[in-house]
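Worksheet: the structure to be examined is printed underneath.
The values are calculated or read from the model by the stated rules, or taken from the named source; none is laboratory data. Since the model is a prediction, treat every value here as computed from it, not as a measurement. Cβ: placed from backbone, ideal geometry, glycine included. Neighbour counts: every protein chain shown. Accessible surface areas use protein heavy atoms only, side chains included; no ligands, DNA or RNA. Shrake-Rupley method; radii C 1.70, N 1.55, O 1.52, S 1.80 Å.
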Amino acid sequence: MEVANCPALVNRVTYTGDLGYEIWVAPEYQRRLYEGIRTAGQALELIHFGMRALLSLRLEKNFPTWYRELRPIYGAFEAGLDRFRRPR
């Protein structure tokens, strides 16, 4: 589809439980896409925020990611759930 007059691939994703999208464009369209989104977002008071802010929003809504919060090295004991496990 076209986004800000740029040919793009768009994928619906969510890390925070809200509507979220990934937009892929060729490198030569990145600045045009950025400026188009920034201009369109001014009416909505769109602002920049950092990756740490995004990650904190994701954690507040209990959306863990694999190899950050979910890993094979964590088991019932590390999660404080060992009392629910049957002894082997």
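See the values below:
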{"item": "Failed item in (1) open to solvent by less than 100 Å² (accessible area, probe 1.4 Å); (2) at pLDDT 90 or above; (3) not in a strand (DSSP E or B), with Ile23 passing the rest", "result": "(3)"}
{"item": "Filter result for Leu46 (in a helix (DSSP H, G or I) and under 22 Å from Leu19 (Cβ atoms))", "result": "no"}
{"item": "Long-range neighbours under 7 Å by Cβ, at least six apart or interchain, first residue over 10 Å from Val25 (Cβ atoms) and among the aromatic types (Phe, Trp, Tyr) within region 1-15, second open to solvent by less than 60 Å² (accessible area, probe 1.4 Å) and at pLDDT below 95", "result": "Tyr15/Leu54; Tyr15/Arg58"}
{"item": "Selection count, region 48-79, where residues are more than 30 Å from Arg38 (Cβ to Cβ), touching a helix residue (DSSP H, G or I) at 6+ places or on another chain (Cβ under 9 Å) and not acidic (Asp, Glu)", "result": "3"}
{"item": "Per-region count, region 49-75, residues in a helix (DSSP H, G or I) and either under 30 Å from Glu2 (Cβ atoms) or among the polar types (S, T, N, Q) (or both)", "result": "6"}
{"item": "Tabulated pairs, region 63-88, first touching a residue at least 12 places away in the same chain (Cβ under 8 Å) and closer than 19 Å to Val13 by Cα, second open to solvent by less than 100 Å² (accessible area, probe 1.4 Å) and in a loop (DSSP other than H, G, I, E, B), C-beta under 7 angstrom, 6+ apart or interchain", "result": "Phe63/Thr16; Phe63/Gly17"}
{"item": "So Glu78, is it loosely packed, with under 12 Cβ neighbours inside 10 Å and part of a loop (DSSP other than H, G, I, E, B)", "result": "yes"}
